[in-house]
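Encoded as structure tokens, the structure appears first; notes follow it.
The values are calculated or read from the model by the stated rules, or taken from the named source; none is laboratory data. Everything numeric in this text was worked out from a predicted model, so none of it was measured. All Cβ positions, even for glycine, are placed from backbone atoms using ideal geometry, and neighbour counts span all protein chains on display. SASA here: full protein model, heavy atoms, side chains in, ligands and nucleic acids out. Shrake-Rupley method; radii C 1.70, N 1.55, O 1.52, S 1.80 Å.
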Amino acid sequence: MENFKVIIVEDVKLELKGTEEIFRHDIPEAEVIGTAMTEAEFWPLIEKQVPDLLLLDLGLGGSTTIGVEICRQVRVKYPQLHVLIFTGEIINERLWVDVLEAGADGIILKSGELLTKTDVQSVMEGKRMVFNQPILEKIIDRFKKSVLLDQRRQEALISYDIDEYDERFLRHLALGYTKDMITNLKSMPFGVKTLEKKQIDLIQRLFQPSERSGVNATRLVTRAFQLGILDVNNLEPDDE
């Protein structure tokens, strides 16, 4: 790895000192040209000398959003600058999404093996989505759950003979559409009476004979969620 310059933004003095020590002992190729504990300290620093790498904490001065905004602005002003997030925000996963969308090259959580030379080298070589073990474990866990949910949904669609119109009908009922509203969708070439028949047919397929009495649209949709036919995280209406 070639020599490079880095600015560290960290608002906890002890953690800032520890991070500097990591660079000094483990990543001698790095020259720390400045450190900042607040946003106000950071901007004059980078305007004086643009580094090759910005190591950025997300939480500054009690705010969890300043780091995201710094990342977003830096990405616009200095597009060639590498931005690596080094954060203790372990619970707030939405911040991870926000800062990745803001253009960060990766996220290192302040747990597990912390910041390593390998992580920094990967970023400096131009790799994106650089994560350390703790965040990778969370990502893999979410991936596994997502795959299993998709598999369960595909199995449900086959088991209950659900076609695209059945799914579309159930999805829009779940979104609060009335049958009249659903008939106005370009993707649903059916009248209200046909949809009423479809609802009866779906009730017969999704419920046992002893369960069918008194089943309304709300209960039908609830059943579709229970069986995995509908996914609460993927409820988008079709174009009208």
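Per the Cα gyration tensor, region 188-231 maps to an equivalent ellipsoid with semi-axes of 18, 14, 8 Å, ordered largest to smallest. Hydrodynamic analysis of the chain uses the Kirkwood radius over alpha carbon pairs. Inserted into Stokes-Einstein at 25 °C and 0.890 mPa s, it gives a translational diffusion coefficient of 114 µm²/s. With respect to the chain, whose longest principal axis is taken over its alpha-carbon atoms, helix 164-174 is tilted by about 80°. Taking the Cα centre of region 120-240 as reference, the dipole from Cβ charges on Lys and Arg (+1) and Asp and Glu (-1) amounts to some 280 debye. Computed about the Cα centre, the dipole magnitude for the chain is approximately 960 debye when only Lys and Arg (+1) and Asp and Glu (-1) carry charge, each at its Cβ. Nearest 0.05, what FRET efficiency do Ile90 and Gln121 give at R0 = 25 Å with Cβ-Cβ as r? After rounding to 0.05, the efficiency reads 0.55. Extension gain, Lys145-Tyr78: 0.36 nm per intervening residue step, less the Cα-Cα distance, totals 20.4 nm.
Shape class for region 123-240: prolate, because the ratio a/c of the largest to smallest gyration tensor axis (alpha-carbon atoms, square roots of eigenvalues) is 1.5 or more and a/b beats b/c. In the chain, the DSSP beta bridges split such that about 5 percent are antiparallel, to the nearest 5. With a Förster radius of 25 Å applied to the C-beta separation of Glu155 and Lys197, the computed FRET efficiency comes to 0.45.
Accessible area per residue for region 88-228 is 58 Å², calculated with a 1.4 Å probe on protein heavy atoms, without ligands, DNA or RNA.
Between the alpha-carbon centres of region 182-203 and region 1-75 there is a gap of 58 Å. Partner aspartates and glutamates whose Cα lies under 16 Å from the Cα of Lys179, excluding those fewer than 8 positions away in the same chain, are identified as Asp166, Glu167, Glu196, Asp201, Asp238, Asp239, Glu240. Please compare each pair in Lys77/Lys110; Lys5/Lys48; Lys77/Lys117; Lys13/Lys48; Lys110/Lys138 to a cut-off of 20 Å on the Cα-Cα distance and tell me which ones are over it. As for pairs spanning more than 20 Å Cα to Cα, those are Lys77/Lys110; Lys77/Lys117; Lys13/Lys48.
When both bridge partners sit in region 21-125, DSSP labels roughly 10% of those beta bridges antiparallel.
Dividing the radius of gyration of the alpha carbons in region 17-147 by their Kirkwood radius gives 0.95 for Rg/Rh. For the chain, what relative contact order do you get, as a whole percent, if you take Cα pairs closer than 8 Å and at least 6 residues apart? Taking the mean separation of contacting Cα pairs over the length of the chain, I get 13 percent. Ignoring ligands, DNA and RNA, what percent of the 1.4 Å accessible area of the chain is carbon and sulfur? The computed percentage sits at 50. Summing Lys, Arg as +1 and Asp, Glu as -1, what charge do residues with Cβ under 13 Å from the Cβ of Gln80 carry, Gln80 excluded? Here the charged neighbours net out to +1.
Along region 104-116 the Karplus relation, 6.51 cos²θ - 1.76 cosθ + 1.60 evaluated at θ = phi - 60°, assigns HN-Hα couplings of 5, 7, x, 9, 10, 7, 7, 7, x, 7, 6, 8, 10 Hz to successive residues, with x for each Gly and Pro.
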